[in-house]
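Enquirer: The structure is given below, and queries will be raised subsequently.
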Amino acid sequence: MPGGLVKSFRTVTLIVLDSVGLGGAPDAPAYGDAGADTLGHLAEFRRLKVKYLAAIGLGNIRPFRNIDPSRKPSGFYGMMTEKSKGKGSTEGHWEIAGCITEVPFAVFPDGFPDEIIKKFSKAVGRDVIGNCPASGTEIIEQFGDEHCRTGKPIVYTSADSVFQIAASEEIVPIGELYKWCETARRLLTDDWNVVRVIARPFTKKGGHYIRTVNRRDFSMEPNCDTVLDLLSAGGISVAGIGKIKDLFAGRGIGASYKTSDNDEGMKKTSEITQSLDRGLIFTNLIDFDMNYGHRNDADGYIKALESFDSQLGGFMESLKKDQLLIITADHGCDPLFKGWDHTRERVPLLVYSSRFVQGGDLGIRETFADIGATIAENFGLPQLKTGHSFFETIS
């Protein structure tokens with residue numbers, strides 16, 4: 001560029017493929033996840049039809065059994081190692097935005113202590129049922145009938161720091177369920193250090209209980225500055241798509257768009273990317289994790305990846321030279337690994353612009369926060385306390 005200046009991108013679209021990990025986390029054994037490899041195991045399960053992801057450089061990141069490397073990648077590629085303590089969506093997204101979780105959030109592998117349950121029950125005026133770690137689909141099958149008879153909320157957790165409340169929409173109005181979650185959020189913030197309270201409404205269909213699209217997360221605010229804060233303070237637009245606003249407790253988010261599934265998420269992402277004059281479009285695509293990873297459904301997971309890839313082709317074609325696309329993940333959730341919880345894994349880093357003459361290797365990044373640092377540099381913002389920008393490399 002004239003005068004040695006590097007031209008920034010007008011918009012950055014950041015898409016998080018929720019739970020699409022790459023294995024290889026050096027500290028995976030400490031989390032009981034040695035050998036977890038979401039994408040690697042899926043690729044071994046059968047060949048993935050992901051030509052657009054592969055064209056950017058997915059198969060160049062590391063060897064995969066059924067994802068071929070591109071001879072001439074159209075984008076930049078690498079993998080990122082998580083620094084934060086934990087393996088949940090909150091820690092992953094916060095770190096992507098530049099905020100490292102140094103102290104682990106509280107987890108409850110044996111269910112919540114009586115002190116918490118009694119305070120919550122008193123506040124909402126009802127006893128609870130469940131109170132154990134469980135798969136969200138299994139626990140509503142187990143306790144759904146009792147809940148419908150008694151109106152008692154189903155409380156459960158997982159390997160992550162979450163207090164989840166499930167209730168039938170026919171028994172408990174959705175607004176009342178949200179109020180219960182707000183109550184739990186107030187009770188669990190300080191000494192208990194629970195990062196998310198999640199509303200899990202469900203209904204009955206075809207003789208089985210199924211979760212509805214009215215999930216809502218009630219999160220703590222990030223405990224340090226994020227690139228979203230910097231963008232907002234600088235008057236630069238931030239659009240959150242999917243559960244992004246919930247994960248950041250609304251902080252630093254301007255417009256927010258709830259979505260029912262990945263397809264709607266991609267449709268809205270495309271729409272906002274084309275209409276936004278300048279700023280960040282931050283999207284979470286949750287189906288991989290919620291519908292397939294936690295349910296140990298490898299076939300469904302693969303179909304969702306292939307569906308995303310087919311939409312990605314048209315999305316990439318629509319991008320102008322002053323628009324940047326970054327694709328990553330927040331953790332793993334290997335459907336072919338033991339259990340049904342999140343797994344501690346490295347995550348992919350794929351970066352694309354039609355401006356690129358050729359792509360290249362971004363290597364193994366030491367933290368997810370390199371994305372936040374890159375976004376900050378692109379928009380001429382102060383650098384965050386953590387993360388190393390790769391803006392100069394891709395420019």
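Enquirer: Can you go through L14, L39, L48 and tell me which one is part of a helix (DSSP H, G or I), in the same structural domain as Y292 (by TED's automatic domain parsing) and either among the basic types (K, R) or within 23 Å of the chain's Cα centre (by Cα) (or both)?
Expert: Values: L14 fails: part of a helix (DSSP H, G or I); L48 fails: part of a helix (DSSP H, G or I).
The conditions single out L39.
Enquirer: Quick check on this structure: which one of F120, F105 is of a type in the set (A, V, I, L, M, F, W, C), modelled with pLDDT under 95 and touching a helix residue (DSSP H, G or I) at 6+ places or on another chain (Cβ under 8 Å)? Walk me through how you get there before you give the answer.
Expert: Working: F120 fails: modelled with pLDDT under 95.
Exactly one of F120, F105 is of a type in the set (A, V, I, L, M, F, W, C), modelled with pLDDT under 95 and touching a helix residue (DSSP H, G or I) at 6+ places or on another chain (Cβ under 8 Å), namely F105.
Enquirer: Being surrounded by 16 or more Cβ atoms within 10 Å (Cβ to Cβ), at pLDDT 95 or above and in contact with a helix residue (DSSP H, G or I) (Cβ under 8 Å, 6 or more places away or on another chain) narrows it down to one residue among S237, S232, S161; which is it?
Expert: Details: S232 fails: in contact with a helix residue (DSSP H, G or I) (Cβ under 8 Å, 6 or more places away or on another chain); S161 fails: at pLDDT 95 or above.
Result: S237 is the single residue among S237, S232, S161 that is surrounded by 16 or more Cβ atoms within 10 Å (Cβ to Cβ), at pLDDT 95 or above and in contact with a helix residue (DSSP H, G or I) (Cβ under 8 Å, 6 or more places away or on another chain).
Enquirer: Could you say whether any residue in segment 55-64 is under 20 Å from P335 (Cβ atoms), at pLDDT below 95 and assigned to a loop (DSSP other than H, G, I, E, B)?
Expert: No.
Enquirer: Moving on to the next point. On the basis of being assigned by TED's automatic domain parsing to the domain that holds W180 and assigned to a loop (DSSP other than H, G, I, E, B), does D68 make the cut? First the steps, then the outcome.
Expert: Values: assigned by TED's automatic domain parsing to the domain that holds W180: no; assigned to a loop (DSSP other than H, G, I, E, B): yes.
For D68, the condition - assigned by TED's automatic domain parsing to the domain that holds W180 and assigned to a loop (DSSP other than H, G, I, E, B) - is not met.
Enquirer: For I210, are the conditions met, namely being within 16 Å of the chain's Cα centre (by Cα), assigned by TED's automatic domain parsing to the domain that holds I174 and not in a helix (DSSP H, G or I)?
Expert: Details: within 16 Å of the chain's Cα centre (by Cα): no; assigned by TED's automatic domain parsing to the domain that holds I174: yes; not in a helix (DSSP H, G or I): yes.
Here the answer is no, as I210 does not meet what is asked.
Enquirer: Can you find a residue that is of a type in the set (D, E, K, R) and touching a Ser or Thr at 6+ places or on another chain (Cβ under 8 Å) anywhere in segment 345-361?
Expert: At the first step, the residues of segment 345-361 found to be of a type in the set (D, E, K, R) are 345-346, 355, 361.
Filter once more, so that each one left must be touching a Ser or Thr at 6+ places or on another chain (Cβ under 8 Å): 345-346.
Checking segment 345-361: at least one residue is of a type in the set (D, E, K, R) and touching a Ser or Thr at 6+ places or on another chain (Cβ under 8 Å).
Enquirer: Here's something else I'd like to know. Look through Y301, Y257 and report the one residue that is within 19 Å of the chain's Cα centre (by Cα) and under 23 Å from G339 (Cβ atoms). Steps first, please.
Expert: Values: Y257 fails: under 23 Å from G339 (Cβ atoms).
On inspection, the qualifying residue turns out to be Y301.
Enquirer: I would also like to ask the following. Mind checking which residues of segment 240-254 are surrounded by 20 or more Cβ atoms within 10 Å (Cβ to Cβ) and more than 15 Å from the chain's Cα centre (by Cα)? Walk me through it before giving the result.
Expert: To start, the set of residues in segment 240-254 that are surrounded by 20 or more Cβ atoms within 10 Å (Cβ to Cβ) comprises 240-248, 252-253.
G252, I253 - these are the residues of segment 240-254 that are surrounded by 20 or more Cβ atoms within 10 Å (Cβ to Cβ) and more than 15 Å from the chain's Cα centre (by Cα).
Enquirer: Which members of segment 299-348 meet the condition of being among the polar types (S, T, N, Q), touching a strand residue (DSSP E or B) at 6+ places or on another chain (Cβ under 7 Å) and under 26 Å from F390 (Cα atoms)? Walk me through it before giving the result.
Expert: To start, the set of residues in segment 299-348 that are among the polar types (S, T, N, Q) comprises 307, 310-311, 318, 323, 328, 343.
Subset that is touching a strand residue (DSSP E or B) at 6+ places or on another chain (Cβ under 7 Å): 323, 328, 343.
Result: Q323, T328.
Enquirer: Being under 23 Å from G86 (Cβ atoms) and basic (K, R) is the filter; apply it to segment 343-395 and report the residue that is surrounded by the most Cβ atoms within 10 Å (Cβ to Cβ).
Expert: This residue is R346.
Enquirer: Kindly indicate whether any position in segment 65-78 is closer than 20 Å to S395 by Cα and of a type in the set (A, V, I, L, M, F, W, C). Write out each step before concluding.
Expert: Keep residues of segment 65-78 that are closer than 20 Å to S395 by Cα, which gives 72-78.
From what is left, the residues that are of a type in the set (A, V, I, L, M, F, W, C) are 76.
Yes, there is a match, as at least one residue in segment 65-78 is closer than 20 Å to S395 by Cα and of a type in the set (A, V, I, L, M, F, W, C).
Enquirer: Shifting gears a bit: Among the residues of segment 263-298, write down those that are more than 26 Å from N378 (Cβ to Cβ) and touching a strand residue (DSSP E or B) at 6+ places or on another chain (Cβ under 7 Å).
Expert: Across segment 263-298, the qualifying residue is only F288.
Enquirer: Right, something else. Would you pick out the residues in segment 63-82 that are among the charged types (D, E, K, R), touching a residue at least 60 places away in the same chain (Cβ under 8 Å) and farther than 23 Å from I286 by Cβ?
Expert: Within segment 63-82, the first condition is being among the charged types (D, E, K, R), and the residues that meet it are 65, 68, 71-72, 82.
Add one more test, that the residue is touching a residue at least 60 places away in the same chain (Cβ under 8 Å), and what stays is 72, 82.
Listed by number, the list holds a single entry, K72.
Enquirer: Now, a different point. Can you name the number of the only condition in (1) surrounded by fewer than 21 Cβ atoms within 10 Å (Cβ to Cβ); (2) over 21 Å from the mean Cα position of the chain (by Cα) that N60 fails?
Expert: (1)
Enquirer: Pairs only if they're at least six apart or on different chains, beta carbon under 8 angstrom, first in segment 170-183 and hydroxyl-bearing (S, T, Y), second in a helix (DSSP H, G or I); list them, first residue then second.
Expert: Once the first residue is hydroxyl-bearing (S, T, Y) and sits in segment 170-183, its partners that are in a helix (DSSP H, G or I) give T183/F120; T183/A123; T183/V124.
Enquirer: Looking at G86, G98 in this structure, which one is in a loop (DSSP other than H, G, I, E, B), touching a helix residue (DSSP H, G or I) at 6+ places or on another chain (Cβ under 6 Å) and either within 24 Å of H388 (Cβ to Cβ) or modelled with pLDDT under 95 (or both)?
Expert: On the way: G86 fails: touching a helix residue (DSSP H, G or I) at 6+ places or on another chain (Cβ under 6 Å).
None of the other options fit; the residue is G98.
Enquirer: Six or more apart or on different chains, Cβ under 8 Å: which pairs go from a residue in segment 280-291 that's in the same structural domain as G372 (by TED's automatic domain parsing) and on the phi < 0 side of the Ramachandran plot to one that's in a helix (DSSP H, G or I) and hydroxyl-bearing (S, T, Y)? Could you list them?
Expert: Close Cβ pairs satisfying both conditions: I281/T269; I281/T273; T283/T269; N284/S89; F288/Y301; D289/S89.
Residue by residue, here is whether (1) crowded, with 23+ Cβ neighbours inside 10 Å; (2) on the phi > 0 side of the Ramachandran plot; (3) over 24 Å from the mean Cα position of the chain (by Cα) holds:
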{"residue": "E146", "(1), (2), (3)": "no, no, yes"}
{"residue": "W192", "(1), (2), (3)": "no, no, no"}
{"residue": "F202", "(1), (2), (3)": "yes, no, no"}
{"residue": "K205", "(1), (2), (3)": "no, no, yes"}
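Enquirer: So which strands (runs of 3 or more DSSP E) stay within segment 315-386 end to end and still have 2 or more residues that are modelled with pLDDT of 95 or more and under 27 Å from E264 (Cβ atoms)? Steps first, answer last, please.
Expert: Details: elements: 323-328, 347-352, 360-365.
Of the strands (runs of 3 or more DSSP E) lying wholly inside segment 315-386, those with at least 2 residues that are modelled with pLDDT of 95 or more and under 27 Å from E264 (Cβ atoms) span 323-328, 347-352.
The values are calculated or read from the model by the stated rules, or taken from the named source; none is laboratory data. Because the structure is a prediction, the values reported are computed rather than measured. Here the Cβ is made from the backbone with ideal geometry for all residues, glycine too, and neighbour counts use every protein chain on show.
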